[in-house]
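Below: one structure, written as structure tokens.
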Amino acid sequence: KQHWRTPLRVALIGLAIRLDALYQKEGARFFADPWKTRDEAVALWLTPGKEAQSAFLKTHANRVLSPEDEALALRLLLLQRERLAMYTSCGWFFDDISDAESVFCLQRAARALELATPFEAGLEPEFLERLRICPSNLPRYKNGAEVWTRLVGRARCELERAAAHASILDHLELPALEPPLLRWEFGPR
């Protein structure tokens, strides 16, 4: 049954509306035209590196940005990238909300929520309530909230978890992987 699709779409639309409002409000602090900046941010993904980031921000900023403001501005752009990725088309063409493709869409939503936290905390409970309405075809998952908890939540990597992982690698004298936030400050996870 495909009864999970519409409620998932509604949940993602509700989240997107909240994230867009947050982006509009916070983006106006940094960008002359937040939406044009978002649309042109593909340049950041195509040409990674600090120099490209600085040039991009100088072009789109509404003022000279401090290093802290640059980091927040880039975070907002990544938030929008993840918000757009929540709608990856493959997420809608399979059998269940617990399938890998739909979980990928939910992982993108989780990342967008993480990125939104410094600007507005507390968006996740509302989203989770909407996911409760998404029925799973598999009894072990029940609904989208259960999928979120069991499949998306376990894949999240908070700062503390990443630090613990790095400590273990260091202790074992294994080379640490280059963290995604350093490879391209806000590149794919």
Full extension between Glu68 and Thr149 adds, at 0.36 nm per residue less the Cα distance, a length in nm of 25.9 nm
Once R0 is set to 25 Å, what does the formula 1/(1 + (r/R0)^6) return for the Cβ-Cβ distance between Ala28 and Thr88, expressed as a FRET efficiency to the nearest 0.05? 0.35
Lys pairs under 20 Å by Cα in the chain, provided they are eight or more residues apart or on distinct chains: 5
Pull out a ≥ b ≥ c, the square roots of the eigenvalues of the alpha-carbon gyration tensor of segment 1-58, then state rounded if a/c is under 1.5, prolate if not and a/b is larger than b/c, and oblate in the remaining case. oblate
For Phe31, residues with placed amide H under 5 Å, excluding near neighbours: Asn62
Around Asn143, which amide H atoms from residues at least 5 apart in sequence, or from another chain, sit under 5 Å from its own amide H, with H modelled in the peptide plane? Ser136
Whenever you get a sec, compute what percent of the accessible area on the chain sits on carbon and sulfur atoms (1.4 Å probe). 59
Among Leu151, Gln2, Leu74, which residue has its Cα furthest toward the positive end of the charge dipole of the chain, with +1 on Lys/Arg Cβ and -1 on Asp/Glu Cβ? Gln2
Return the sequence-ordered ³J(HN,Hα) values of segment 45-57 in whole Hz as given by the Karplus equation 6.51 cos²θ - 1.76 cosθ + 1.60 applied to θ = phi - 60°, using x for Gly and Pro. 6, 7, 10, x, x, 4, 4, 5, 4, 4, 4, 4, 5
Please state the charge dipole magnitude for the chain, taken about the Cα centre, from unit charges on C-beta atoms (+1 on K and R, -1 on D and E), reported in debye and rounded to the nearest 20. 580
Can you give the three extents of the C-alpha atoms in the chain along their principal axes, from longest to shortest, in whole Å? 53, 47, 28
Determine, from the Cβ-Cβ distance of Ala164 and Ala52 and an R0 of 35 Å, the FRET efficiency 1/(1 + (r/R0)^6), rounded to the nearest 0.05. 0.65
Taking Rh as the Kirkwood radius, which is the inverse of the mean 1/r over Cα pairs, what is the Rg/Rh value for segment 1-112? 1.06
Probe of 1.4 angstrom, ligands and nucleic acids ignored: what's the accessible area per residue over segment 34-109, in square angstrom? 48
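When only the heavy atoms of the protein chains count and the probe is 1.4 Å, how do Arg132, Arg140, Arg150 rank by accessible area, highest first?
Arg140, Arg132, Arg150
The values are calculated or read from the model by the stated rules, or taken from the named source; none is laboratory data. Only a predicted model underlies this, so the values are computations on that prediction, with no experimental measurement involved. Backbone-built Cβ (ideal geometry, glycine too); neighbour counts: all protein chains shown. For the accessible areas, the whole protein counts, side chains as well, though only heavy atoms, and no ligand, DNA or RNA atoms are used. Shrake-Rupley method; radii C 1.70, N 1.55, O 1.52, S 1.80 Å.
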